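Heads up: the structure comes next, in structure tokens.
The values are calculated or read from the model by the stated rules, or taken from the named source; none is laboratory data. Keep in mind it's a predicted model, so treat the numbers as computed, not measured. Neighbour counts are summed over all protein chains in view; Cβ atoms, including those assigned to glycine, are modelled from backbone coordinates with ideal geometry. For accessibility, only protein heavy atoms count, side chains too; no ligands or nucleic acids. Shrake-Rupley method; radii C 1.70, N 1.55, O 1.52, S 1.80 Å.
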Amino acid sequence: GKIPFKTVYINGYITDEKGVKMSKSKFNGINPMPIIEEYGADALRLSLISNSAAAMNQSLSIQKIAGYRSFITKLFNLAKFYSNQVSDNKKIEKSNLVIESIFDYWILDGLSKAKKRSIGNFKALRYGEGLKVLYNFVWHYFADWYIEISKVEKNYNLVGYVLQTILELLNP
């Protein structure tokens, strides 16, 4: 007499690069274990999420997985950069941040917008769109610009806060 689920998300088939449904009998499937060993589980997960839309088929390719491995490597390098700059990696609260330049305002504004848009997409079950927002922010704003600026400005608490927020948003 009870409704078992309030929300049902129906995903489509995973297809190969040519759009053909992956199948053992067609020998066009991808065994996840060797993929995980070579590219990592996170790269595979992000590849599956990146083009996901409810009830829509999506293609999966080694090239896509390799691309997301590069993204995971970028995140690792950002974390490594941050940890090399500070003596402890404790959680940074927004209230403890010191805004030192216009660039600090710029990255916090970008982070706020990316966070709002990605959470909105995730709540609406648009996981691929939410991931794209975070991907673009990390790659094109945080890594390409703000990290380079932080090497001169040295506001590492803010670097840590932005990195921490990104990782929380990306964490399943």
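Computed over the Cα atoms, what is the radius of gyration of region 19-161 divided by 2.2 N^0.38 Å, N being its residue count?
In units of the globular-protein estimate, region 19-161 measures up at 1.25.
So what is the relative contact order of region 1-139, in percent, for Cα pairs below 8 Å that sit 6 or more residues apart?
In percent, rounded to a whole number, it is 26.
For region 5-45, what does the accessible surface come to per residue with a 1.4 Å probe? Please give it in Å².
Per residue, region 5-45 has 81 Å² of solvent-accessible surface.
Once fully extended, how much extra length lies between GLU100 and HIS140, figured as 0.36 nm per residue of separation less the alpha-carbon to alpha-carbon distance?
12.2 nm
Once fully extended, how much extra length lies between PHE76 and SER112, figured as 0.36 nm per residue of separation less the alpha-carbon to alpha-carbon distance?
Additional length available on full extension: 10.8 nm.
Give the Cα extents of region 14-96 along the principal axes, in whole Å, largest first.
Principal extents (largest minus smallest coordinate, Cα): 55, 28, 16 Å.
What part of the accessible area of region 10-168, given as a whole %, is carbon or sulfur when the probe is 1.4 angstrom?
Roughly 55 percent of what the probe reaches on region 10-168 is carbon or sulfur.
If Lys and Arg each add +1 and Asp and Glu each add -1, what is the summed charge of the other residues whose beta carbon sits under 12 Å from the beta carbon of TYR141?
-2
So what's the angle, to the nearest 10 degrees on a 0 to 90 scale, between helix 41-50 and the longest Cα principal axis of the chain?
80 degrees
Just from its helices, what would the mean residue ellipticity at 222 nm be for the chain, if runs of 4 or more DSSP H residues each count -39500 (n - 2.57) and the sum is divided by every residue, rounded to the nearest 500 deg cm²/dmol?
It comes out at -18000 deg cm²/dmol, rounded to the nearest 500.
In region 89-136, what GluC sites (Glu not before Pro) fall in a loop by DSSP, with at most 13 other Cβ atoms inside 10 Å?
Here the sparse-neighbourhood loop sites are GLU93, GLU100.
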